Amino acid sequence: VPIIRYPGGNFVSSYRWEDGVGPVNERPARLDPNWRAIETNRVGLNEFATWCKRVGSEPMMAINLGTRGVEAALDLLDYCNHPSGTYLSDLRARHGYPEPHNVRYWCLGNEMDGVWQVGYKTAYEYGRLAEQTARAMRMIDPDLKLVSCGSSHTFMPSFPDWEAETLSHTYDVVDYISLHQYFENDFDNPADFLAQSMETAHFIRTVIAVCDYVKAKKRGKKDIMLSFDEWNLWYHSKE
């Protein structure tokens with residue numbers, strides 16, 4: 001697997017990355033409203049970065065834009081990527097990681113169109129926050145690969161208006177837009193289940209069309225690429 005995202009899914013929308021660094025026995029346990037559980041923070045970004053190196057995958061870091069914003073994103077970028085000489089980069093070194101993680105890929109939130117998401121946003125609210133965050137991050141490193149948050153799935157009532165509105169804000173400062181897709185065998189019908197792959201093709205074509213529309217509207221020069229960064233089968237049958 002070439003790229004793996006962390007922290008993935010709904011979890012990131014209330015995540016405080018600072019809780020997952022430093023001595024494990026000193027990390028705070030927090031309530032996780034997304035999964036109605038207690039997060040012990042025994043695994044954090046340094047453990048994840050180490051694991052990625054061991055398995056030969058590149059890390060993709062997700063930023064909390066549910067309960068947090070620009071400041072926390074800049075702090076996380078400093079801790080992850082700055083070589084040394086700042087409080088947070090030196091803190092990383094004191095935590096046992098003197099070399100920067102050099103994370104290139106960054107997701108600007110996760111599924112922010114969904115009411116199940118802590119701090120979910122309207123398309124306008126998310127587009128403005130994501131643009132502000134991206135611009136601030138690029139002040140530190142203009143070569144980052146940034147992912148704007150797309151629709152959670154094709155059945156959202158805001159699809160594809162979400163893509164059109166959010167990209168109207170983020171087009172100039174991001175490289176990708178995310179797509180998420182899950183399938184399940186609701187009716188225990190294998191033929192119907194397998195045919196759902198056509199929905200993925202429709203999803204991709206529609207998002208490409210919206211990206212091209214925003215590019216034309218802005219007289220843009222670049223193509224927004226697709227980041228299919230969350231996908232799976234829930235189950236093969238309900239038995």
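Within the range 205-229, residues that are closer than 24 Å to GLU58 by Cβ reach partners that are exposed (fewer than 12 other Cβ atoms within 10 Å of the Cβ) and at pLDDT 95 or above with beta carbons closer than 8 Å, at six or more positions or on different chains, in the pairs CYS211/ASP223.
Being out of contact with any Pro (no Cβ under 7 Å at 6 or more places or on another chain), among the charged types (D, E, K, R), over 24 Å from VAL1 (Cα atoms) and open to solvent by less than 20 Å² (accessible area, probe 1.4 Å): is that true of ASP113 here?
On the way: out of contact with any Pro (no Cβ under 7 Å at 6 or more places or on another chain): yes; among the charged types (D, E, K, R): yes; over 24 Å from VAL1 (Cα atoms): yes; open to solvent by less than 20 Å² (accessible area, probe 1.4 Å): yes.
It is true that ASP113 is out of contact with any Pro (no Cβ under 7 Å at 6 or more places or on another chain), among the charged types (D, E, K, R), over 24 Å from VAL1 (Cα atoms) and open to solvent by less than 20 Å² (accessible area, probe 1.4 Å).
If only residues of the range 1-53 that are touching a residue at least 12 places away in the same chain (Cβ under 8 Å), among the acidic types (Asp, Glu) and more than 21 Å from PRO100 (Cβ to Cβ) are counted, the one that is surrounded by the most Cβ atoms within 10 Å (Cβ to Cβ) is GLU39. Looking across GLY56, GLY85, GLY20, GLY8, one residue alone is under 27 Å from SER152 (Cα atoms) and at pLDDT 95 or above. It is GLY20.
Looking only at the range 150-162, decide whether some residue is among the acidic types (Asp, Glu) and either touching a Phe, Trp or Tyr at 6+ places or on another chain (Cβ under 9 Å) or assigned to a helix (DSSP H, G or I) (or both). Looking for residues that are among the acidic types (Asp, Glu) and either touching a Phe, Trp or Tyr at 6+ places or on another chain (Cβ under 9 Å) or assigned to a helix (DSSP H, G or I) (or both), one finds at least one in the range 150-162, hence yes. Looking across the range 118-149, the residues that are surrounded by fewer than 20 Cβ atoms within 10 Å (Cβ to Cβ), of a type outside the set (Gly, Ala, Ser) and part of a helix (DSSP H, G or I) come down to TYR124, GLU125, ARG128, GLN132, ARG135, ARG138, MET139, ILE140.
Can we say TRP106 is open to solvent by 20 Å² or more (accessible area, probe 1.4 Å), closer than 15 Å to VAL12 by Cβ and touching a helix residue (DSSP H, G or I) at 6+ places or on another chain (Cβ under 9 Å)? In short, no. Within the range 83-107, residues that are among the charged types (D, E, K, R) have Cβ atoms under 7 Å from residues that are part of a loop (DSSP other than H, G, I, E, B) in these pairs: ASP90/SER84; ARG104/LEU144, counting only partners at least 6 apart in sequence or on another chain.
For the residues ARG219, ARG205, the requirement of being loosely packed, with under 14 Cβ neighbours inside 10 Å and in a loop (DSSP other than H, G, I, E, B) singles out ARG219.
The values are calculated or read from the model by the stated rules, or taken from the named source; none is laboratory data. Bear in mind the structure is a predicted one, so any value in this text is a computation, not a measurement. Every residue, glycine as well, gets a Cβ built from its backbone with ideal geometry; the counts of neighbours run over all protein chains shown. Quick note on the areas: whole protein, heavy atoms, side chains included, nothing else; ligands and nucleic acids left out. Shrake-Rupley method; radii C 1.70, N 1.55, O 1.52, S 1.80 Å.
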